[in-house]
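Encoded as structure tokens, the structure appears first; notes follow it.
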Amino acid sequence: MNSENKMTKNVAKGFFIETRADDGVFILTHQNDSEEVKVIDREIDSSFIQFHFCLKGESKFNFNNGNYTLNVAEETSLLLYNPQRDLPIHLDVQPNSWLVSVIISIKKFHGLFSQEADYITFLSEDNRDKKYYKDGKISPSMAIALNQLVNYNLNQSIKNIYFKAKAYEILSLYFNRSEEANIEQCPFLVDESNVLKIRKAKDIVISRMAEPPSLQELSDEIGLTLKKLKEGFKQIYGDSVFSFLFDYKMEFARKLLESGEHNVNEVGLKVGYSTSSHFIAAFKKKYGTTPKKYVQSIV
């Protein structure tokens, strides 16, 4: 995405006023106070989640050259995310309509809810086909924050910090829907009371990577049922416990090999492989080359 804080003009009639609120967070606003439809185009790749809010009037999103459309009516919102393909904005903003969009990277979004964002394999094989299109109502408290963005008239020197605060306020309010806060409505989150236990499970398998506990032993140790351990771990880290551990072990092994302080056998033992042949096979499965060839390639 273009990270400049400026008005981004488009090839069509309309334009967004774009503000970079934070790393990986952009706010786009558009006020069509005219009597004609404004057409806006904006490239957005598949690494971003889109939240669109229509404060007044109506807007229409066009996909696949207009073969598929989604309408966003007054006082409603639309969440768009598809990890398989880019979702550029091709938007028809109806006369006398206002729109605010919050565009946030997947990694940044996860970081808001988990300190372990770097470990999340959000595009793992199991998650690769997931996409989300969710509409909803704009609550009164959200409407206040959104209107404050559209009607910003404070000193320009504080605009970025103001927009950053409002972006996170809007996202907080968006997900503060207790009556709907289930896995289907909010697929990125787990029950906060279990987050620390899941994080503890991750720490345990990493600290004992050479001889990790079984799933049942792990669930007993952290005090969660096996079902909640499996579901919660996948929600936070995007993968099963042992698939996550495999990726972690291979990355740990790769860094040990890069250090040049250990031979292949030693590295294999450190990450839990009793024979070098098993370690070599696992490393090749992950990286497509043997440990020895990998070391030779970086010398």
Unmet criterion (only one of (1) in contact with a Phe, Trp or Tyr (Cβ under 8 Å, 6 or more places away or on another chain); (2) more than 29 Å from residue 175 (Cβ to Cβ); (3) among the aliphatic types (A, V, I, L, M)) for residue 198: (2)
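How many residues, within the stretch 204-223, are in a loop (DSSP other than H, G, I, E, B) and free of Cβ contacts under 8 Å to residues at least 24 places away in the same chain? Before the answer, list the steps.
Initially, the stretch 204-223 is screened for residues in a loop (DSSP other than H, G, I, E, B), giving 208-214, 223.
Pick out the ones that are also free of Cβ contacts under 8 Å to residues at least 24 places away in the same chain and you get 208, 213-214.
Residues flagged as in a loop (DSSP other than H, G, I, E, B) and free of Cβ contacts under 8 Å to residues at least 24 places away in the same chain within the stretch 204-223 amount to 3.
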Filtering helices (runs of 4 or more DSSP H) wholly in the stretch 101-189 for at least 3 residues that are crowded, with 16+ Cβ neighbours inside 10 Å and modelled with pLDDT of 85 or more gives 140-150, 159-175
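Does residue 221 meet the test of being of a type in the set (Asp, Glu) and surrounded by 13 or more Cβ atoms within 10 Å (Cβ to Cβ)? Please lay out each step first, then the result.
Details: of a type in the set (Asp, Glu): yes; surrounded by 13 or more Cβ atoms within 10 Å (Cβ to Cβ): yes.
Yes; evaluated as a whole, the condition is true for this residue.
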Collect the residues in the stretch 229-249 that are more than 17 Å from residue 211 (Cα to Cα), buried (at least 18 other Cβ atoms within 10 Å of the Cβ) and free of Cβ contacts under 8 Å to residues at least 60 places away in the same chain, keeping them in residue-number order. 229, 232, 233, 235
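Within the stretch 238-267, which residues are in a helix (DSSP H, G or I), of a type outside the set (A, V, I, L, M, F, W, C) and under 33 Å from the mean Cα position of the chain (by Cα)? Walk me through it before giving the result.
First, pick out the residues of the stretch 238-267 that are in a helix (DSSP H, G or I): 241-259, 264-267.
Restricting the remaining residues to those that are of a type outside the set (A, V, I, L, M, F, W, C) gives 243, 247-249, 251, 254-255, 258-259, 265-266.
Answer for the stretch 238-267, where residues must be in a helix (DSSP H, G or I), of a type outside the set (A, V, I, L, M, F, W, C) and under 33 Å from the mean Cα position of the chain (by Cα): 243, 247, 248, 249, 251, 254, 255, 258, 259.
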Quick check: is even one residue across the stretch 224-234 at pLDDT 90 or above, farther than 22 Å from residue 55 by Cα and in a loop (DSSP other than H, G, I, E, B)? yes
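I'm trying to understand the selection: among the residues of the stretch 81-92, which are in a strand (DSSP E or B) and either farther than 17 Å from residue 106 by Cα or polar (S, T, N, Q) (or both)? Give the steps one after another, and end with the answer.
Narrowing the stretch 81-92 to residues in a strand (DSSP E or B): 81, 89-92.
89, 90, 91, 92, listed by residue number.
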Inside the stretch 33-80, can you point out the residues that are of a type outside the set (Asp, Glu), more than 22 Å from residue 18 (Cβ to Cβ) and not in a strand (DSSP E or B)? 64, 65, 66, 67
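The values are calculated or read from the model by the stated rules, or taken from the named source; none is laboratory data. Quantities reported herein were computed from a predicted structural model and do not represent experimental measurements. Every residue, glycine among them, receives a Cβ derived from its backbone with ideal geometry; neighbour counts consider all protein chains shown.
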